[in-house]
Amino acid sequence: MSKLFYNIGKIWGVENEAQFQKAGAEMAVVEHLENAWILTEHGLVLGFGNTEPPEAEQMVDLNGREVLPGFVDSHTHAVFAAERSEEWVMRILGKSYEEIAQAGGGILNSAKKLRAMSEDDLFERSLKNVKTLISHGTTTLEIKSGYGLDMDSELKMLRVISKLKEAFPIIIKSTFLGAHAVPPEYKDNREGYVNYLIEEMLPAVASENLADFIDVFCDKGFFTEQDTLRILEAGWKYNLPGKIHANELGYTGGVQAAVASGAYSADHLEHCGEAEIEVLKAGKTMPVGLPGTSYFLGIPYTPARQIIDAGLPFCLASDFNPGSSPVANMQIVWSLGCTQMKLLPEEAFNAITLNAARSMRLEKQCGSISPGKRADFLVTSQKNALYNIPYFFGQNHIEGIYIAGNQFE
Ligand code: NIG
Ligand code: FE
């Protein structure tokens, strides 16, 4: 059925000809249209304009409100068993994230709780998380495993993600992150765990078709550059592109490993100097910043300004997880990108829409309002939304959510 959304005050993020990403100076450009309409059919955008609106079977009056494309959150750990607020208090009192992890807290704490939880309970809890993400404007989502760290529990997490894909009309992509931490069974035998992951877990994940991407936490105290290269290479054998955690805690070769193996994205990059920027320039890997993590852990922000000024594309994501970034609101991520990373509102907007779609090779399906793409868009109560959403940070400015042309809830 054709649907016309009319009487729109302004549409942000329109494209007549879909681009695959924005890089360097292009990131400051956001096309918009005033007093406009959008025509959709079969869940896709057929066209938009600000001339006399066409006829359609259904007409939706948006009463002068502004519209923007749904947010694309390309990096989350939205399936978890419990919060870790006690660790947060330990950090307030002076312990570091690494100290807590070395003492058996952190990811291993989450793994202990997740292993003990039934698949049904995990699914129920995760349903609520995804609803929260969507209610703040996320209409495309990536979710990682990585709190199981053994065969049964990793498969349990990935099955929960598969059920979430069925339960929601949004696009959800799943990532196998068995290499999130070395589990207690392999304490002091990291190589043994990497072998087990490559030889046993990965084939099982692939044979049940449970993952779209593969991830490794390539960092100080977790997995090395060599481990990362091995795991990413093994992933390609099953057609799983890499989207990796790199250089959060130090200069650990994560960026080099990501680019060398053709990973789609290298995420975190709180430690990213000139050498890493040069490596990124020579490849096709999307640099992804996670400002919620820097805010919540009190660690440096990714040098987004230098990355964009070097002519590269840049993406932002929430990293929604119970340890380092409990933020499910991409409007706050947008704001942090501006205030803390010194991105223009336009640059941060492109980083959470088009470039985020590109980081999952979904740029032909979402990330802007463009003919042929999904009709995933947000209606906001804010005027001058491109500026006022990240400016009035901490509120939910989203009044209506349309997913494939249908109103959500
Ligand atoms: O992206 N850095 C590794 N993984 C997550 C944190 C996971 C956790 O602490 O539970 C992150 O920050
Ligand atoms: Fe993460």
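The values are calculated or read from the model by the stated rules, or taken from the named source; none is laboratory data. Computed from a predicted model, the values in this text were never measured in an experiment. Because the Cβ atoms are built from the backbone with ideal geometry, glycine has one as well, and the counts that use them run over all protein chains shown. For accessibility, only protein heavy atoms count, side chains too; no ligands or nucleic acids. Shrake-Rupley method; radii C 1.70, N 1.55, O 1.52, S 1.80 Å.
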(message) So if I take the centroid of the Cα atoms in region 162-218 and the same for region 52-95, what is the distance between those two points in Å?
(response) 25 Å
(request) Provide the percentage of antiparallel DSSP beta bridges, counting only those with both residues in the chain; round to the nearest 5. (result) 45 percent
(request) Determine the relative contact order of region 72-358: mean sequence separation of Cα pairs under 8 Å and six or more apart, normalised by residue count, in whole percent. (result) 17 percent
(message) Quick check: net charge around A246, other residues with Cβ under 9 Å of its Cβ, Lys/Arg +1 and Asp/Glu -1?
(response) -4
(message) Which residue, V279, I100, F168, has the largest displacement toward the positive end of the dipole of the chain when charges sit on each Cβ (Lys, Arg +1; Asp, Glu -1)?
(response) I100
(request) Towards the positive end of the charge dipole of the chain, with charges on Cβ (+1 Lys, Arg; -1 Asp, Glu), say which of V60, N350, H32 has the farthest Cα. (result) V60
(message) Mean-square fluctuation check for the chain, GNM, Cα pairs under 10 Å: which of Q21, Q395, Q256 is largest?
(response) Q395
(request) Quote the charge dipole size of the chain about the Cα centre in Debye, to the nearest 20; the model charges only the Cβ of Lys and Arg (+1) and of Asp and Glu (-1). (result) 240 debye
(message) Ordering K237, K144, K163 by accessible area with a probe of 1.4 Å, largest first, what comes out?
(response) K237, K163, K144
(message) Which residue fluctuates most in the GNM of the chain (Cα springs below 10 Å): G262, G104, G283?
(response) G104
(message) Apply the Karplus curve 6.51 cos²θ - 1.76 cosθ + 1.60, θ = phi - 60°, to the phi angles in region 175-190 and return the couplings in whole Hz, x for Gly and Pro.
(response) 10, 7, 10, x, 8, 9, 7, 7, x, x, 4, 10, 3, 6, 9, 4
(message) Among D61, D150, D73, which one shows the highest mean-square fluctuation when the chain is modelled as a Gaussian network with alpha-carbon springs under 10 Å?
(response) D61
(request) With +1 on each Lys and Arg Cβ and -1 on each Asp and Glu Cβ, and nothing else charged, work out how big the dipole of region 235-291 is about its Cα centre, in Debye to the nearest 20. (result) 340 debye
(request) Report, to the nearest whole %, how much of the accessible area of the chain belongs to carbon and sulfur atoms, 1.4 Å probe, protein only. (result) 50 percent
(request) With unit charges on the beta carbon (Lys/Arg positive, Asp/Glu negative), name the residue among Q395, G148, H136 whose Cα is farthest towards the positive pole of the charge dipole of the chain. (result) Q395
(message) On a 20 Å Cα-Cα criterion, which of the cross-link pairs K112/K220; K237/K281; K144/K243; K10/K173 come out too long?
(response) K112/K220; K237/K281; K10/K173
(request) Return one whole number: the accessible area per residue of the chain in Å², for a 1.4 Å probe. (result) 38 Å²
(request) With a ≥ b ≥ c taken as the square roots of the eigenvalues of the C-alpha gyration tensor of region 72-358, please select rounded if a/c is under 1.5 and otherwise prolate if a/b is larger than b/c or oblate if it is not? (result) rounded
